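Asker: Quick one: the structure is below, and I'll ask about it shortly.
Every number in this text was worked out from the coordinates using simple rules, so none of it is lab data. These numbers come from a predicted model, not from an experiment. With ideal geometry, Cβ positions are generated from the backbone for all residues, glycine too; neighbour counts draw on all protein chains shown.
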Amino acid sequence: MNRRAWLVTGLLVVFQIINFADKAVLGLVADPAIRELGLTAGEFGMIGSSFFFLFAISAVVVGFVAARVPTKWLLLSMGVAWAVIQFPMLAGGGAAVLLVTRIMLGAAEGPATPITLQHVHGWFAPAERGLPSSLVAAGSTLGPIIAAPVLAWIIAHPELGWRWAFGFLGVLGLVWSLAWLLVGRDGPFSHTARRRGTAAAHPGLSAHDGGDVPSSASSPETRAGGAGGGTATAAGSPRGTSGSIADRADALGIVPIRRILGTRMFAVAVLAGAGCFWAQGFLTTWSPKYLSSIVAVSPEAIGALSTLPWIVGALALLALGYASRFLMRRGVTVRWALGALFGGTLLVSGVCFLLLPGLQGAAAIAVVTVGAGLAMIYPLAPTAVAFCVSSKQRAAVMATLTGLASLGGVVAPAMVGGLMDAAGYVPAPKGVKESAEMIARLGAGMDTSFWAIGVYLVLVGALSVLLLNPDRTGTRLQERFAFSG
């Protein structure tokens with residue numbers, strides 16, 4: 001086993017933990033922040049949505065930059081930026097400062113998932129990428145799991161309070177950045193290594209031989225010809241090859257980006273990803289409020305219960321990662337090993353949201369936990385799409401996918417807050433208990449949003465099972481549009 005590859009993977013898991021803890025903190029401070037800053041539900045929802053205002057633009061721009069700049073430095077820049085942006089709220093910032101810092105944080109975190117996946121893919125051969133990708137993706141669900149109880153304790157502590165939740169995350173980000181500066185580096189299968197000829201020059205080099213390439217890995221050319229059964233063109237793209245695209249993923253030629261973005265598969269991945277981001281936006285902005293007001297959970301228990309959907313998401317990602325690895329090692333195509341598993345899971349998530357309106361107590365907690373948790377599998381979408389794209393283009397394509405899908409995160413907080421306002425909900429002033437009538441109106445607004453996202457997830461889940469097919473899409477792109485570069 002390559003120790004360096006797994007050490008880097010571990011640091012990237014921590015990176016994703018911090019990434020999603022930064023997102024989750026807003027929901028955890030919702031009640032004290034709304035009351036202290038004098039915000040309505042709609043205004044707070046808009047602040048939650050503001051995180052995604054520049055998220056998409058940043059994800060796309062940095063994705064294209066990653067084709068030329070080593071991802072090690074991009075990840076370091078993001079880590080430092082996340083940390084610094086947290087401190088203005090610790091210093092006493094008001095509603096305007098909260099809005100601006102959330103917009104800035106969204107811009108800094110937009111490229112995180114695609115760049116992280118691009119980096120970890122650079123450390124593993126194509127058929128081995130399912131598990132490390134799922135581990136890194138699981139970090140996104142571990143963030144709220146680990147951070148929520150700690151942040152809830154900080155928020156409830158009389159000498160700290162909700163502002164110190166932001167300060168704690170700032171300090172944590174600086175510590176990670178220092179560790180990454182010392183340990184982080186680009187892997188032997190990265191596009192920067194390919195320019196140096198590292199992976200191709202040492203196809204069988206193991207960690208014990210002093211190299212970083214796993215001993216089981218073969219060169220892209222060998223994998224393309226031997227495993228796929230086809231021949232590679234001068235452009236490095238296998239033509240007329242059948243079977244799984246995973247057998248030749250690192251030998252694919254460059255294809256015009258517009259051709260990739262114009263495929264039916266990419267469109268389905270964007271639509272499905274938007275549903276995942278909707279669930280994420282709900283969890284990071286409104287889930288604690290749902291638990292405290294609708295389910296009547298005590299403040300002491302909110303931190304722990306808020307972690308349950310993320311635990312389900314982490315387990316789902318790990319289970320699906322192992323399943324995809326198992327299937328691809330046995331020759332199953334990426335369509336069934338990743339695309340169909342992703343779509344089927346979203347379909348189940350949608351059914352859960354459709355069952356949620358009107359539920360109370362333990363039943364509501366169980367259904368929202370499973371429904372929202374199963375929607376936390378977005379990283380499987382860019383991982384599947386990456387299999388049909390040249391290694392030089394993966395960061396740009398995955399970042400564009402993430403940027404477009406993140407529009408679901410823009411919609412969710414504002415949509416839920418707007419529906420609550422439309423139902424007549426008015427937050428109680430600081431120190432005043434909410435009336436039963438206001439709680440009922442809050443619930444009516446949330447129930448409407450659950451119906452909408454439930455129907456949407458069922459539809460995009462079914463479409464993903466049918467159309468998220470990297471094997472067919474990758475082969476067609478190579479046959480029609482590939483060129484050397």
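Asker: Measure out, as a whole number of angstrom, how far apart the alpha-carbon centroids of the stretch 140-171 and the stretch 458-472 sit.
Answerer: That distance is 38 Å.
Asker: Report the extension gain between Ala440 and Ala156 in nm, rounded to one decimal, defined as 0.36 nm multiplied by the number of residues separating them, less their alpha carbon distance.
Answerer: My answer for the length gained is 99.6 nm.
Asker: Next question. Per-residue HN-Hα couplings for the stretch 89-97, Karplus 6.51 cos²θ - 1.76 cosθ + 1.60 at θ = phi - 60°, whole Hz, x for Gly and Pro?
Answerer: Listing the rounded values in order: 6, 5, 7, x, x, x, 4, 5, 5 Hz.
Asker: Calculate, for Ala428 and Ser298, the FRET efficiency according to 1/(1 + (r/R0)^6) with r their C-beta to C-beta distance and R0 22 Å; round to the nearest 0.05.
Answerer: Working: r = 17 Å, r/R0 = 0.78.
After rounding to 0.05, the efficiency reads 0.80.
Asker: Short version: ³J(HN,Hα) in whole Hz for each residue of the stretch 361-370, in order, from phi by Karplus 6.51 cos²θ - 1.76 cosθ + 1.60 (θ = phi - 60°), x for Gly and Pro, what are they?
Answerer: Using θ = phi - 60°, the values come out as x, 4, 4, 5, 4, 5, 6, 5, 5, 5 Hz.
Asker: Between beta-carbons, use under 15 Å as the cut-off and find the net charge around Ala444, counting Lys and Arg +1, Asp and Glu -1.
Answerer: Numbers: positive: Lys289, Arg441; negative: Asp421, Glu434, Glu437, Asp447.
With Lys, Arg at +1 and Asp, Glu at -1, the net is -2.
Asker: If you don't mind, there's one more thing I want to ask. Can you show me the helix-derived [θ] at 222 nm for the chain, built from DSSP H runs with n ≥ 4 at -39,500 (n - 2.57) apiece and divided by the number of residues, rounded to the nearest 500.
Answerer: That calculation yields -22000 deg cm²/dmol at 222 nm.
Asker: Percent of Cα-Cα pairs per 5 Å bin, from 0 to the last occupied bin, for the stretch 277-408, please list those.
Answerer: In order of increasing distance, the bins hold 2, 10, 18, 19, 18, 13, 9, 6, 4, 1, 0 percent.
Asker: In Å, what Rg and Dmax follow from the Cα atoms of the stretch 64-122?
Answerer: When restricted to the Cα atoms of the stretch 64-122, Rg and Dmax are 13.6, 42 Å.
Asker: While we're here: Treating each Cα of the chain as an identical point scatterer and ignoring solvent, apply the Debye formula and state log10 I(q)/I(0) at q = 0.09 Å⁻¹.
Answerer: -0.57
Asker: Oh, and also: Which whole number of Å³ per residue matches the convex hull of the alpha-carbon atoms in the stretch 326-391? Before the final figure, lay out each step's value.
Answerer: On the way: hull volume 5.6 nm³, N = 66.
Taking the convex hull of the Cα positions in the stretch 326-391, it is 85 Å³ per residue.
Asker: Can you grab the distance from the C-alpha centre of the stretch 339-354 to the C-alpha centre of the stretch 63-114, Å, no decimals?
Answerer: Comparing the Cα centres of the stretch 339-354 and the stretch 63-114, I get a distance of 31 Å.
Asker: Taking only the alpha-carbon positions of the stretch 254-339 and ignoring solvent, what does the Debye formula give for the base-10 log of I(q)/I(0) at q = 0.10, 0.11, 0.15, 0.21 Å⁻¹?
Answerer: Taking Cα atoms of the stretch 254-339 as identical point scatterers yields -0.45, -0.52, -0.80, -1.05.
Asker: Further question on the same structure: What number comes out for the charge environment of Ala67, summing +1 per Lys or Arg and -1 per Asp or Glu over other residues with Cβ under 10 Å away?
Answerer: Here the count lands on +3.
Asker: Oh, and also: Tell me, what is a quarter of the convex hull surface for the C-alpha atoms of the stretch 330-472, in nm² with one decimal?
Answerer: 11.0
Asker: Let me ask you something else. Compute the Rg/Rh shape ratio of the stretch 1-78: radius of gyration over Kirkwood radius, all on alpha-carbon atoms.
Answerer: Reported Rg/Rh, Kirkwood definition of Rh: 1.12.
Asker: Let me ask another. Tabulate in residue order the Karplus-calculated ³J(HN,Hα) for the stretch 457-463, using 6.51 cos²θ - 1.76 cosθ + 1.60 with θ = phi - 60°, rounded to whole Hz; enter x for Gly and Pro.
Answerer: So the Karplus estimates, Gly and Pro as x, are 5, 4, 5, 6, x, 5, 4 Hz.
Asker: Determine how many Å³ per residue the convex hull of the Cα atoms of the stretch 117-156 encloses. Walk me through the numbers on the way to the answer.
Answerer: Details: hull volume 2.3 nm³, N = 40.
Value for the stretch 117-156: 58 Å³ per residue.
Asker: On to the next question. Starting from the amide H of Ile254, placed 1.01 Å from N in the peptide plane, find each other amide H under 5 Å away whose residue is 5 or more places distant or on another chain.
Answerer: The list, which skips near neighbours in sequence, is Phe483, Gly485.
Asker: More than 16 angstrom separation, counting every C-alpha pair in the stretch 428-476; what % is that?
Answerer: 65
Asker: Provide the convex hull volume over Cα atoms per residue for the stretch 25-159, in Å³.
Answerer: 121
Asker: Please report Rg (one decimal) and Dmax (integer) in Å for the Cα set of the stretch 386-463.
Answerer: Calculated on Cα positions, Rg and Dmax stand at 18.9, 58 Å.
Asker: Let me ask another. Among Glu109, Glu36, Glu128, Glu159, which comes first, then next, by fewest other beta-carbon atoms within 10 Å?
Answerer: Ascending number of Cβ neighbours within 10 Å: Glu159, Glu36, Glu128, Glu109.
Asker: With an 8 Å Cα cut-off and a minimum separation of 6 or more residues, compute the relative contact order for the chain in percent.
Answerer: Relative CO of the chain lands at 26 percent.
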